[in-house]
Amino acid sequence: QVQLVESGGGLVQPGGSLRLSCAASGIFFRAATMGWYRQAPGKQRELIAQITGGGRTNYADSVKGRFTISRDNAENTVYLQMNALEPEDTAVYYCYTPQYNYWGQGTQVTVSS
């Protein structure tokens, strides 16, 4: 049974940082491409960062230079380090694995003073 469990969301002031985690189970994690998506109110869900099993990464232009995706294959966990957060980053953040077509439940990130 596939499970993706996100954590680490919360309320942060503009300019602050958060680190999201996504713990995976029920998949062959070390070979799996993992992605972070987000969905803001009234907007479509968008891919913001992705990492392949080999560690290759790509980012949406809106987060490039501020967000970093990484993975720990020993812990079956993918991370999203978010720095220099802006109010426009407010959204529900989801973990996704395309090979299994499975989504996590999401974690809310709110950037506000």
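The values are calculated or read from the model by the stated rules, or taken from the named source; none is laboratory data. Bear in mind that the values here come from a model prediction, so they are computed numbers and not experimental data. We place every Cβ from the backbone using ideal geometry, glycine too, and count neighbours over all the protein chains shown. Ligands, DNA and RNA are stripped out before the accessible areas are found, and what is left, the full protein with its side chains, is counted by its heavy atoms. Shrake-Rupley method; radii C 1.70, N 1.55, O 1.52, S 1.80 Å.
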Against the condition open to solvent by less than 50 Å² (accessible area, probe 1.4 Å) and more than 30 Å from residue 113 (Cβ to Cβ), how does residue 67 come out, does it pass? no
Among residues belonging to region 78-93 that are more than 15 Å from residue 45 (Cα to Cα) and over 11 Å from the mean Cα position of the chain (by Cα), point out the one that is surrounded by the most Cβ atoms within 10 Å (Cβ to Cβ). 85
Residues (touching a residue at least 24 places away in the same chain (Cβ under 8 Å) and of a type in the set (A, V, I, L, M)) located in region 64-113: 69, 78, 80, 82, 84, 85, 91, 92, 109, 111
Any chance residue 105 is among the polar types (S, T, N, Q), out of contact with any Cys (no Cβ under 6 Å at 6 or more places or on another chain) and open to solvent by 50 Å² or more (accessible area, probe 1.4 Å): yes
Flagged in region 19-59 as closer than 16 Å to residue 81 by Cα, open to solvent by 30 Å² or more (accessible area, probe 1.4 Å) and touching a residue at least 12 places away in the same chain (Cβ under 8 Å), in numbering order, are 19, 23, 37, 47, 50, 55, 57
